[in-house]
Each structure stands twice: as C-alpha cells, then as structure tokens.
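The values are calculated or read from the model by the stated rules, or taken from the named source; none is laboratory data. All figures in this text were calculated on a predicted structure; none of them were measured in a lab. For neighbour counting, all protein chains shown are included, and Cβ atoms are generated from backbone atoms with ideal geometry for every residue, glycine included.
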Amino acid sequence: MVRETNLRVEDLIYPLFVMEGEGKQEEVASMPGCYRYTLDLLLKEVEEADNLGLGAIALFPLIPYHQKDNAGTESYHPNGLIPRAVRAIKQAVPDLVVITDVALDPYSSEGHDGIVRDGKILNDETVAVLVKQALIQAEAGADFVAPSDMMDGRIGAIRQALDAAGWIDVGILAYSAKYASAYYGPFRDALDSAPKFGDKKTYQMDAANATEAIKEVALDIAEGADIVMVKPALAYLDIICRLKHHVNVPIAAYNVSGEYAMIKAAGERGWIDEKKVILETLTSIKRAGADLILTYFAKEVALMLQILQARSTP
Ligand code: PBG
C-alpha cells in the first residue's frame, strides 16, 4: 500500500538480436539466456513477448562481415535484415510496439557508429546515412526509431526527413545520454561489432560528466525526441535522477549487456540470489526516475511479476 515505486511489464522493452538464416538460435557466450535468432524463431520470441504484455521490443541485427563497409551501406537496404524483420513482426503481432536501432556499428567494417576517415568520425556525412536508415525502418513499419549513434544533429535531421516523407506518427527514442562504457562488451560480442581501432570516446560521453548529459538531452528534445534515454543504467542512476528534474518527456534507461552479464555470472555461481537481485536492480532504475527500461531480463521479469501478482490476489 505504501510502496512508492512499482515495476510494470508494460514499462519493459525487450532488446532482441536477429540474424540471417532459418531454424537457428545461438546463445551469446557472454550473455547466457540471450540468443541471436533467425527470423522464423525470432517471431516466436516476439509472440511470447507480446503475450506477456511487454511494452515493446527493440531490434538489433547481426550483419555478416561481407555486407559491412565503412559507409554502412547495408543499413539502408530496403530489403535488409531489419526491414524484413519489422515487416514480419508487424504482420504477426500488429499491436506490439517495434523499436529499431539507428546507428552504423552493426553495418560498419570499422565497428564504429559513424563513417571513418583518417581515424576520425565524420559527423555530418554519417547523419545523412542515418536519415536513410531511419526512413527505411519507418517504411517497414517501425513504431519508433532509436538513434543510438550519438552524432550531433541527427535527431533534428531524422525528424525532418520522417515528417517530409509522411511518417509523422513514427516516434523517436533518442539515446541522448549515452556514455562511452565498458559495459557494452557482451553486446558487441553478440553483434560482432567491436571497434576495429580506438574507442567511441569522441562521440559517446565521458563517464565523469553529468552536466553534459543535461545539455545532450535538451538538444535532443529541442530537435524532436519523444523519449530520451540514459545508457548504461546502473552506474548512471544519478544521471537519470538529475534528468528527471529537467525534462518533460519520458525517460528510458538501458540496463545494458554488461549489467546483465554480471548478474547472470554471479547467479550461476550461486553467489547471489539472481531473481531477487534482478527485481531489486530494475526497481532501483525506476526509483531513480526512469519511466521505461530496456532490459534483457524483460521476459523473466514479466513472468516473475505475474507470479507475484497471482500470489497477492486471493
Ligand atoms: C551501438 C549500440 C551499443 C549498444 C546498443 N547500441 C553498443 C555500443 O555503443 O558500442 C549496447 C547495448 C548493450 O550493451 O546492451 N549503436
């Protein structure tokens, strides 16, 4: 009765990895319980997510190396893996919210979120490609496009292009305060997308900065973001909390791959009570001020919440 924070299934967004092929699912070595699915098996997972009442799914592609190049050309192929996946999902479960990732890294031979020249990321040239990628995703039926690249000016450019093409109802979930984080390691294993040189510190944020997050978020909202995101979540709960007092749009937080892997690893060894730690962790993210949580635990938590609910209703 006096509880201040409640986890709800509809606040959870389930990130999913999709790959080419048929009838296969491969467990990500550093993310036990998470798989890359071929499209046919992905649909089953998505139907389960829908039946559990999860808020949305977020899609990420594993792109074969021969389709990668420096300009991320495959990212805006009209019949690429992601547009095909979105169309299939929208046909199978039309009401489930589908969020697509806008960034070049899964498609980049350099493993970077932008086009590289002489060891530098070309901001504006990259934005032009991101716009094409977002348009293809909208056309395929994505409800939200989610730029995770951290280029400057991309939210405004994407909003303008979507509106001009008539996709006025497609929302933008902006990865606004995205930190250059070592917690993304397992995700890069999943997609084989680790940077081939250097790091992402010229476009993602420094872990030491908080005021900058407020600036990044303000820019994205001014440019048209409908939801802003803080990523990772746990080492940045203070950022979520500060933003809560500054913004008038929903805040999402990404409980990232490294955070998932740590809980799984300790749980497997019996060093922590995994289920309790998951609920406590996600509750802390909501308590900090997040409205929505992207988490690889989404399905597990939905099941736990169902059981808890059943227990409390006589
Ligand atoms: C890249 C992207 C990353 C994640 C989501 N989109 C990794 C990165 O920036 O290198 C990480 C998610 C996770 O670790 O769970 N556009």
The stretch 84-122, subset among the basic types (Lys, Arg) and either closer than 19 Å to residue 152 by Cβ or out of contact with any helix residue (DSSP H, G or I) (no Cβ under 9 Å at 6 or more places or on another chain) (or both), residue farthest from the ligand (Cβ to nearest atom):
117
Among the candidates 242, 269, single out the residue that is of a type in the set (D, E, K, R) and surrounded by fewer than 18 Cβ atoms within 10 Å (Cβ to Cβ).
269
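Yes/no matrix, rows are residues, columns are (1) under 26 Å from residue 253 (Cα atoms); (2) among the aromatic types (Phe, Trp, Tyr); (3) in contact with a strand residue (DSSP E or B) (Cβ under 7 Å, 6 or more places away or on another chain); (4) crowded, with 24+ Cβ neighbours inside 10 Å:
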{"residue": "92", "(1), (2), (3), (4)": "no, no, no, no"}
{"residue": "102", "(1), (2), (3), (4)": "yes, no, yes, yes"}
{"residue": "111", "(1), (2), (3), (4)": "yes, no, no, no"}
{"residue": "116", "(1), (2), (3), (4)": "no, no, no, no"}
{"residue": "143", "(1), (2), (3), (4)": "yes, no, yes, no"}
{"residue": "153", "(1), (2), (3), (4)": "yes, no, no, no"}
{"residue": "160", "(1), (2), (3), (4)": "yes, no, no, no"}
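How about the stretch 209-220: which of its residues are surrounded by fewer than 24 Cβ atoms within 10 Å (Cβ to Cβ) and touching a residue at least 40 places away in the same chain (Cβ under 8 Å)? So that I can check it myself, show each step before the final result.
Within the stretch 209-220, the subset surrounded by fewer than 24 Cβ atoms within 10 Å (Cβ to Cβ) is 209-216, 218-219.
216, 219 - these are the residues of the stretch 209-220 that are surrounded by fewer than 24 Cβ atoms within 10 Å (Cβ to Cβ) and touching a residue at least 40 places away in the same chain (Cβ under 8 Å).
Quick check, is residue 56 modelled with pLDDT of 95 or more, surrounded by fewer than 14 Cβ atoms within 10 Å (Cβ to Cβ) and within 16 Å of the ligand (Cβ to nearest atom)? Break it down stepwise before answering.
Numbers: modelled with pLDDT of 95 or more: yes; surrounded by fewer than 14 Cβ atoms within 10 Å (Cβ to Cβ): no; within 16 Å of the ligand (Cβ to nearest atom): yes.
It is false that residue 56 is modelled with pLDDT of 95 or more, surrounded by fewer than 14 Cβ atoms within 10 Å (Cβ to Cβ) and within 16 Å of the ligand (Cβ to nearest atom).
Taking only the stretch 196-212 into account, find how many residues are within 16 Å of the ligand (Cβ to nearest atom) and either at pLDDT 95 or above or under 18 Å from the mean Cα position of the chain (by Cα) (or both). Outline the logic, then answer.
We begin by selecting, within the stretch 196-212, every residue within 16 Å of the ligand (Cβ to nearest atom); these are 196-207.
Then drop every residue that is not either at pLDDT 95 or above or under 18 Å from the mean Cα position of the chain (by Cα) (or both), which leaves 200, 203-207.
Number satisfying all stated conditions: 6.
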Given the residues 71, 134, which is the only one that is surrounded by 23 or more Cβ atoms within 10 Å (Cβ to Cβ) and out of contact with any Cys (no Cβ under 9 Å at 6 or more places or on another chain)?
134
Quickly run through the stretch 1-40 and pick out the residues that are under 15 Å from the mean Cα position of the chain (by Cα) and either small (Gly, Ala, Ser) or part of a helix (DSSP H, G or I) (or both).
11
Here the residues within the stretch 294-311 that are in contact with a Phe, Trp or Tyr (Cβ under 8 Å, 6 or more places away or on another chain) and either within 12 Å of the ligand (Cβ to nearest atom) or not basic (Lys, Arg) (or both) are 294, 295, 296, 297, 298
Note on the stretch 178-194: residues within 13 Å of the chain's Cα centre (by Cα) and either aromatic (Phe, Trp, Tyr) or more than 13 Å from the ligand (Cβ to nearest atom) (or both) are 184, 187
Near pairs, Cβ below 6 angstrom, 6+ apart or cross-chain, from the stretch 90-110 (of a type in the set (D, E, K, R)) to any residue that is more than 10 Å from the ligand (Cβ to nearest atom):
90/141; 110/70; 110/116; 110/196
